[in-house]
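Okay, structure first, notes after.
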Amino acid sequence: MIVICKFQSGYREFDLIIILLLLSPLICFSVGDSVVELDSINIDLMNEQRILQGGKNFQQSCMSCHSLNSFVNDRVAKSLDMTSEKMPVWPDDSWNGHPPPDLSLIALSMSPEWLYTYLRTYYVDADRPTGYNNLVFPNTNMPNPFIDLQGKQVLIDPNFSPSKHLGDHALWYRVIKLKEGGSLSAEAFDDYVGDIVHFLTYVSDPSVHERRSMGVWVLGYLGLFIVITYAYFRLVGKVFFKPLKH
């Protein structure tokens with residue numbers, strides 16, 4: 001696409017580049033298109049208790065494989081005792097050349113809705129090396145980390161094929177069902193995963209609290225500046241803006 005841009009001239013080249021930049025997120029997401037519609041989740045990054053609980057859940061279910069190396073210096077990471085020494089390290093040739101990735105920015109690269117639905121839509125698939133497949137990320141190499149908590153989900157239609165329904169965006173609970181329950185109820189498991197998603201969303205942008213607290217002072221400064229500017233114009237500015245006498 002960049003080569004095509006070079007053959008355009010002037011403003012048309014500029015316009016095309018802008019259009020490609022605006023569409024780039026859509027292009028990226030189309031690569032990992034989901035079989036099912038993504039569930040919505042209300043993320044409240046001011047709920048620190050839920051973020052901390054999500055961090056504990058992450059340590060329990062995810063940190064044996066996935067690291068958060070860009071997060072270890074944050075105050076929340078320190079309160080959870082997440083240090084660089086405790087982060088897993090995988091050689092490049094592990095997991096058949098696909099070692100578990102660092103998840104520091106996963107909520108930005110995908111979305112909280114994607115994560116929330118992905119982590120809850122594993123189902124039994126004997127044809128996969130891990131024994132499980134996923135409706136949001138078909139043929140994923142990631143094993144199901146929640147078998148004990150969620151239980152086992154199976155396809156409602158045994159002949160269902162993700163490759164034939166890619167992009168259909170059906171409701172996931174019309175495609176799979178719970179066959180064997182886990183240690184958590186469906187509602188409790190949703191909350192468990194939701195806490196993890198809250199945590200990973202915070203990890204991807206840990207400066208959110210600082211920015212919001214600073215925003216009040218910035219708005220206050222701008223308001224004060226407007227008042228002073230208006231008062232100055234009323235008291236002094238009229239002397240300089242008198243109409244010229246002919």
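Only the coordinates and a few stated rules stand behind these numbers; no lab work does. All of these numbers come straight from a predicted model, not from anything done at the bench. FYI the Cβ positions are ideal-geometry reconstructions off the backbone, even for glycines, and counts take in every protein chain you see.
Give the long-range amide H neighbours of Tyr132: residues separated by 5 or more places, or on another chain, with amide H under 5 Å away, using H modelled in the peptide plane at 1.01 Å from N.
Asp125
Going by how many other beta carbons lie within 10 Å of each one, how would you line up Lys152, Lys179, fewest first?
Numbers: Lys152 16, Lys179 12.
Arranged by neighbour count, lowest to highest, Lys152, Lys179 become Lys179, Lys152.
Please give the net charge around Asn134, taking every other residue with its beta carbon less than 12 angstrom from that of Asn134, where Lys and Arg add +1 and Asp and Glu add -1. Spell out each step's value before the answer.
On the way: positive: Arg120, Arg128; negative: Asp125.
Result for the local shell: +1.
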